[in-house]
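Asks: Sending over a structure as structure tokens; questions will come in a sec.
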Amino acid sequence: MYTHSMLTNFEQSSGEAFLQGMLQGMAAPLSLFCISAPPPLPKIDYVTLKMLDTKTALAQDWKRIGVDMQNVIDRYGKEKRSHED
């Protein structure tokens, strides 16, 4: 396993120290994968949408929102009744 010495060289000028620090900072992301392989790329699933007119699309969206809200209200009522018993 690769380890990097973190010793400070006090004989360097401030410019040399800055340059060394900058180069080490730029190399740090590359050193992440010097020991192990990079993670696999995520799979991208493509979605095909059917085109709807705006009025129909909005109506469907509001219908889904209404159903979701009703489900939340029903669940809240059931939980409240179960805690009251």
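Asks: May I ask you to list the chymotrypsin sites (Phe, Trp or Tyr not before Pro) in the range 26-66 that are in a DSSP loop and have at most 12 other Cβ atoms within 10 Å of their Cβ?
Replies: Listed in order of number, the matching sites are Phe33, Tyr46.
Asks: Which of the aspartates and glutamates could a cross-linker span from Lys63 if the Cα-Cα distance has to be under 19 Å and same-chain partners fewer than 8 positions apart are dropped?
Replies: Output for Lys63: Asp53, Asp74.
No value in this document is a laboratory result; all are computed from the given coordinates. Treat the numbers as computed from the prediction; the structure is a model and nothing was measured. Methodologically, a virtual Cβ is constructed for each residue, glycine included, from the backbone with ideal geometry; neighbour enumeration extends over all protein chains shown.
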